[in-house]
1. Ala171's amide H: which non-local residues (gap 5+, or another chain) put their own amide H closer than 5 Å, with H modeled 1.01 Å from N in plane and none for Pro or chain starts?
2. Once the mean 1/r over all distinct Cα pairs of region 37-111 is inverted, what Kirkwood radius in angstroms do you read off?
3. Thinking of region 356-566 as a set of Cα atoms, what percent of all their pairs are more than 30 Å apart?
4. For region 475-491, just list the computed ³J(HN,Hα) in residue order, Karplus coefficients 6.51, -1.76 and 1.60, θ = phi - 60°, integers in Hz, with x standing in for Gly and Pro.
5. At q = 0.08, 0.09, 0.11, 0.14 Å⁻¹, what base-10 log of I(q)/I(0) does the Debye formula yield for region 211-360 when every alpha carbon is treated as an equal point scatterer in vacuo?
6. Which order do the peptides 234-240, 356-362 take when ranked by the mean count of other beta-carbon atoms within 10 Å per residue, highest first?
7. HN-Hα J couplings of region 525-542 from phi, Karplus 6.51/-1.76/1.60, θ = phi - 60°, integer Hz, Gly and Pro as x?
8. Just order 207-216, 17-26, 57-66 by mean Cβ neighbour count inside 10 Å, highest at the front, would you?
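Every number here is computed from the coordinates shown, using simple stated rules; none is lab data. Only a predicted model underlies this, so the values are computations on that prediction, with no experimental measurement involved. Cβ placement follows ideal geometry from the backbone for every residue including glycine, while neighbour counts extend to all protein chains displayed.
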Amino acid sequence: MDNLPRVLDPRIYRAGFLPILFALVLAGFSLREPPRPLTTSLAPDAFDGAAAFRELDQLAAEAPLRRPGSAGDRLVARRVEATLRANGFRVGTRRFTAQTADGSRALETVVGERTGFSNRRIVVLAHRDALGRGARAELSGTAALLELARVLGGRTLNRTLVLASTSGGTAGLAAAERLAERSGGPVDAVLVLGDLAGTRTDRPFVVPWSRSTALAPLELRRTVESALTTEASVRAGGVRPAVQLARLAFPLTLGEQGPFDARGVGAVLLSASGERAPAPDAPVSAARLTAFGRAALRSVGALDGGGDVPASGPYVTLERKVLPSGPVRLLAIALMLPVLLAAIDGFARVRRRRERVGLWAGWVVAGALPFLLAALAAIALFRVGLVDAAPDGPVAGLASAPNAAALATVAVVWLLAWFGLRPLLLGALGLRDGGADPAGGGAATAIVLLLCAATLVVWLGNPYASLLLIPALHLWLLAMVPETNLRRATALALWALGLLPPLLVAYAYARQLGLDPLELAWMAQLLVAGGTISLLGVLLWSVVLGCTVGALAVVLRASGGGPAATAPITVRGPQTYAGPGSLGGTESALRR
C-alpha cells in the first residue's frame, strides 16, 4: 500500500462530512405545517351533472374525431364559443401554429372572460382535442367547462373568471404555454379540467407537477383535494417522497398546469385518470361527472371568495410536514463538499507526480462526444422534417408512437462517433493503443473533477437534480482511486450503485406515465428534439455520460487483485539484502 500512487487523502475526505450534520439539523428545523384549504359558501348543487353528461354525449356524437387542428376540433371550438357568449362571457379566439403529435398544426384557443370586482383572475382550462375516436372521457372536461359557464355566468364574482378551451393538450403544451404568457392580467390560480367522467381511476386526482421545480402551492392543492373529498367522497391520493424527489430532479408533466406553475402561477390538474389521458374507449359515468364537476365548482367558489393564493414553488411533503427547497439546496452542496475537497487535493498530488490531468480530461470529453452528437442528430431529424411530431412537452401512450427509424438513426450516429471519431481523437491525444494507463490516478482525478464541475452547474439550476449525481461522486471516487485497493468486482459494484438514482428516476416516470423501455427512449428523444431539454442540459448530461463510461474504463483496467498487484518494487540491491541499518552498526543507530 505504501508504494501506491496516492490520490485520496482520507483525512480531508472525512473532514468534508462535518457540514452535512449542520445541513441535516437545519433541514429538520425547516419542516413546517401545511396550510389549510380554502372553503366556500357557494352551493355546488348548482352544477347539473345530468345536463353536463348530455352535453358530453352530444359533443362526442357531433365530433367523434378531434385530432389537433382538425374539423372536429374546430366544431367543438365553435360550440364552446357560442355557449360562452350565451352566458354573458366576453369571448375571444387566439390562433397560432404549434407542434403537436401530428406535426405542425394551426390551433386555436377560445377564451371567455367574466369581469369580477377585482382584475385578479381565476382561470379554468380544458382541452377539447383527442387522438382516438370518441374519447368521451377526455372530452368530459370540456362538458364540465360549459356547465360551469352556465352556473357562473349569472353570478357576482369577486375575481375575474376566465374559461379557456384549448387544443393540442393531448400531446404538447403549446396552447397552455401561450395562455400562461398572455393571460390578460394577474392570475391567482388555474384549475385544469381533465378526465372528470371516466370510471377507470388513477391517483393522484389532483396533479401539481410542473415543467420546472416549482410545484402548485399546497394551499391550492389542498383546496381542490378538500372539495373533491366533500363532493365525491374520495381521497385525491398522494405521492411518496422518493417519487416527489424524482419528479423534482427531472421535472416533466403531461398536464396543462405545467407551464403556469413553471411561471410561478399556482395551477393544478383535476382528473379522475390522473396525469395520463384516458384511453379513447374508456367508459364514462354521469355520477362521476356530477361529483367531479361539483368539486370543480366548489374549488372555484373557494378560490373566488378566499385570500390570495401563494405562488408556485419547490417543496417536498413528508408525512404531514413540508420541506422547502432552501435546506435541500444546502444539504446538496454539503454532500458534494467531501468529494470536491478530495478532488482538489488529489489534483495537486497527481500534478506533483507530473501526471497530465488535462490529457485525461480530453479522454473523458472524447467519451462524451458521441452522446452529444447523438443528441444533435435527434434535433437535426426534427429540424429537417424527418421527425415531424416533436410536441412542446413530453408525450406518452397513444400521443406519439415510437419511430423506430428515428431511434435507429440516433443509435447509428452514436456508434459511428464512438467507433470512428472517438479513436481518432484518442490517437491525436496519444492515448490510443496503450499510450497511457487510466488506472494510474490521473484519469480518476480528471473524471471526478469534471463530474464535480457538472454537478455544481446542475446544482445552480436544480438542487434536486444534483442529488442524482452525488452518490456517483462518492462511490466512483472510492472505486477509481488506486490506494483503495478494491477488487474489480467490488469496484464494479460501486460503479453500478452510482447509476442507481438516475435509473430509479427513469423507472418512476415509466411507472407513472405507463411507458415501456422503447416508449421511454422515444419520449427522451422527443424531449431533446423539441427543445424541452435545452442545449446546455444536453451538454451537461453528455459530460456526465462521458464521465460514466470513463469511470467504467478505469474500473475495468484495474487488475483483479487491486492496484497493489502491480505496485512497483522500490527496494534496491540484492534480494538477500534488507537495506542499510538492518543489522545495526550504522552511525545513526549507534547514536541512539
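1. The answer is Ala101.
2. After inverting the pairwise mean of 1/r, the radius is 14.6 Å.
3. When every Cα pair of region 356-566 is considered, 27 percent fall beyond 30 Å.
4. Per-residue couplings from phi come out as 5, 6, 4, 5, 6, 9, 5, x, 6, 6, 6, 7, 5, 4, 4, 5, 5 Hz.
5. One equal scatterer on each Cα of region 211-360 leads to -0.38, -0.45, -0.58, -0.80.
6. Most protected by this proxy first, the peptides run 356-362, 234-240.
7. Here the 3J(HN,Hα) series is 5, 5, 5, 6, 5, x, x, 4, 8, 5, 5, 5, x, 4, 5, 4, 6, 5 Hz.
8. 207-216, 57-66, 17-26
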